[in-house]
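Right, one structure below, let's go through it.
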Amino acid sequence: MSRADAPPAAARLRIDKWLWTARFYKTRTLAAHAVESGQVRVNGERVKPAHAVGPGSRVEVRKQSLAWIVEVTGVAERRGSATDAAALYRETEDSAATRARMLAERAAVSGRRVPGRPTKKDRRKLEDFLNEP
């Protein structure tokens, strides 16, 4: 995006602050680290945390095994509610479908309870097994 195509300064915001206000990350520090480590791209390019984004910018965010490809529709100076944050971007259909498929696969693999402290039912089964002659 050249200077002539860039949105006015009032409609632009640092990428780390935008990621925080759009609720992709809990803190600006986490957002800045993600940008620095290459987990966030703007218009297909790696950027620094101070890079300005505005309406029309395409942002790719990777967190763990999930990825979002969104188009910036607005900026906000202050972090608001989740509904306010959802109005700041629009996710592409391909991105939403891919992310839903990944979440479904993850749920299918880990459909069972995570091992840890046994439940009362587990404890009773174990006691029955150990008390058998």
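The values are calculated or read from the model by the stated rules, or taken from the named source; none is laboratory data. Keep in mind that this is a model prediction, so the values were computed, not measured. Methodologically, a virtual Cβ is constructed for each residue, glycine included, from the backbone with ideal geometry; neighbour enumeration extends over all protein chains shown.
Couple of notes before you dig in:
- Filter result for ARG46 (touching a Gly at 6+ places or on another chain (Cβ under 6 Å) and among the basic types (Lys, Arg)): yes
Condition check ((1) among the polar types (S, T, N, Q); (2) farther than 30 Å from ALA11 by Cβ; (3) modelled with pLDDT of 95 or more) across all residues:
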| position | (1), (2), (3) |
| --- | --- |
| GLY54 | no, no, no |
| LEU66 | no, no, no |
| ARG79 | no, no, no |
| ALA100 | no, yes, no |
| VAL109 | no, yes, no |
| ASN131 | yes, yes, no |
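- Within the range 1-102, strands (runs of 3 or more DSSP E) holding 1 or more residues that are surrounded by 13 or more Cβ atoms within 10 Å (Cβ to Cβ), in contact (Cβ under 8 Å) with a residue 40 or more places away in the chain and not acidic (Asp, Glu): 58-63, 66-72, 89-91
- Residue selected from the range 103-133 under the condition surrounded by 12 or more Cβ atoms within 10 Å (Cβ to Cβ) and either within 18 Å of the chain's Cα centre (by Cα) or among the polar types (S, T, N, Q) (or both), by the criterion farthest from VAL59 (Cα to Cα): ARG106
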